[in-house]
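Nothing in this text is a laboratory measurement; each read-out follows from the coordinates by a stated rule. Quantities reported herein were computed from a predicted structural model and do not represent experimental measurements. So basically every Cβ, Gly included, is an ideal-geometry build from the backbone, and we count neighbours across all protein chains shown.
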Amino acid sequence: MNIIAMFQLNLQFSNNKDSLKDYFEKAADKAISLTLTDNYTSMLSVKTKGNFVLIRLHRMFLHAGNDVIREIAEFIKFRKRKTPLISKFIRENKHCLKNKSSRPPALCTHGKYHNLKELFNSLNEEYFKGKITALITWGKKNPNWAVKKRTLGSFCSHTNIIRINPVLDRKNNPQYFLKFVIYHEMLHSDMHRERKNGRRLVHSSEFKRRERLFEHYEKAISWEKRH
């Protein structure tokens, strides 16, 4: 299969092992052995034995978007060194990784200026009739990471935890914007099983419609653009 044909592959996996295996085999034009793991030290491993490729992939990639899956396929076929989408996905979902400790994660909802639990409960009642069961916490502070590269919020379906970047716990950050970020992640919690043609939808038209229902949507978007 040439490179043009590969990029034109119609990615129709159903977020399961067999569908991913079939897609990778078509993309790499080789027989694939795919093993899903919970290994938190190695997210992706590819070894070639003749025309046979052994792949070990962390199961969190079952929840990755099509662009990430395509980049994995490119990596399998071409062994490209730069994989920015894969790296970004791992970085944003590293809290989903299981380590050797089975202890439940420590949650921190009280910030210096904002209480996440209070805001979460308020949004849950107002927009979701109290049905969102996810936990919420401030993420870990990382002063060495440029603000523009930070993810303001994330939801992990494996742990059912919403994490909010502590950069938002500042006196000059308006509460309506923090509530919008929390609301956005609560929508992910509520809609993470949404599918179309077997594919997981991340920011579907329905997601965007519901996102605009947030009372201060326009003001929050405007503030985000300015800052």
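Treating cross-link reach as a plain straight distance, find the aspartates and glutamates whose alpha-carbon is under 12 Å from the alpha-carbon of K141, omitting any fewer than eight places away in the same chain. Those aspartates and glutamates meeting the cut-off are D169. All distinct Cα pairs of region 16-74 go into the 1/r average, and the inverse of that average, the Kirkwood radius, is 11.6 Å. Excluding same-chain neighbours fewer than eight residues apart, the aspartates and glutamates reachable from K17 by a Cα-Cα span under 16 Å are E25, D38. For the residue pairs K131/K171; K21/K49; K179/K225, alpha carbon separations beyond 20 Å are given by K131/K171. Of the peptides 107-120, 213-226, the order by per-residue mean of other Cβ atoms within 10 Å, starting with the highest, comes out as 107-120, 213-226.
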